[in-house]
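The values are calculated or read from the model by the stated rules, or taken from the named source; none is laboratory data. Computed from a predicted structure; not experimentally measured. A quick note on method: Cβ atoms are made from the backbone with ideal geometry, for glycine too, and the neighbour counts reach across all protein chains shown. Surface areas here come from the heavy atoms of the whole protein model, side chains and all, with no ligands, DNA or RNA. Shrake-Rupley method; radii C 1.70, N 1.55, O 1.52, S 1.80 Å.
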Amino acid sequence: MNQDTALYAPVDPVVAGVKARCPRCGQGKLFDGFLAPAKRCSSCGLDYSFIDTGEGPAVLVMLLIGFIVVGLALWMEVTLDPPLWLHFILWIPLALVLCLAALRWMKGILIALQYKHKAAEGRLDTPESHD
């Protein structure tokens with residue numbers, strides 16, 4: 001990621017991520033579609049080529065939502081003892097809806113944090129760089 005020299009007021013990464021706004025100015029759209037990042041900010045012109053969240057958002061969402069859904073399903077099983085078909089009707093749609101909603105938010109938050117902390121691909125130190 002190139003050094004950003006533009007001067008903008010600090011943007012809270014969590015707010016920018018949840019609202020799917022530019023991590024630099026907090027105004028422009030972050031996504032073109034549901035999860036596809038835009039090429040650049042429509043407001044400040046920030047190039048989004050630095051974006052590389054990988055599988056992080058999906059893993060975090062699956063772990064968090066899975067913990068919630070499985071916990072609720074176990075609680076319901078122990079306290080109410082419903083039939084198996086009721087579990088399928090309740091928990092599968094709930095897990096899908098929660099995962100899809102949280103995935104966009106989590107990806108936006110991780111992109112904003114990546115920008116804020118200037119995260120980039122790892123590089124090896126070479127002896128010449130220590131002179």
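Annotations
- Each residue was assigned an accessible area with a 1.4 Å probe, and for Arg40 the value is about 130 Å².
- In order along region 18-35, the phi-based Karplus estimate (6.51 cos²θ - 1.76 cosθ + 1.60, θ = phi - 60°) of 3J(HN,Hα) comes to 5, 7, 6, 10, 4, x, 8, 9, x, 10, x, 6, 8, 10, 7, x, 6, 10 Hz; Gly and Pro are listed as x.
- Remark: the chain carries 69 Å² of accessible area per residue (probe radius 1.4 Å; ligands, DNA and RNA excluded).
- Solvent-accessible surface (1.4 angstrom probe) belonging to Trp75, in square angstrom, nearest 10: 150
- Under Karplus coefficients 6.51, -1.76 and 1.60, residue-wise ³J(HN,Hα) of region 60-65 in Hz, glycine/proline x: 4, 5, 4, 5, 5, 5
- Cα extents of region 5-51 along the three principal axes, largest first (Å): 28, 20, 17
- Between Phe31, Phe67, Phe50, the GNM of the chain built on Cα springs shorter than 10 angstrom shows Phe67 fluctuating the most.
- Nearest-20 debye value, the chain charge dipole, Cβ charges on Lys, Arg, Asp, Glu: 600
- Per-atom-type breakdown for region 20-131 gives carbon and sulfur 67% of the accessible area (1.4 Å probe, protein chains only).
- Cubic angstrom per residue, convex hull over Cα atoms of region 54-131: 120
- Proximal charge balance of Gly28 [Cβ under 9 Å; K/R count +1, D/E count -1]: +4
- Residue-level accessible surface for Ile92, protein heavy atoms, 1.4 Å, Å²: 90
- Residues whose amide H comes within less than 5 Å of that of Arg40, counting only those at least five positions distant or on another chain, are Tyr48 (H built at 1.01 Å from N in the peptide plane).
- Accessible-area order (highest first, 1.4 angstrom probe) of the listed residues Lys118, Lys39: Lys39, Lys118
- Kirkwood Rh and Cα Rg combined as Rg over Rh, evaluated for the chain: 1.16
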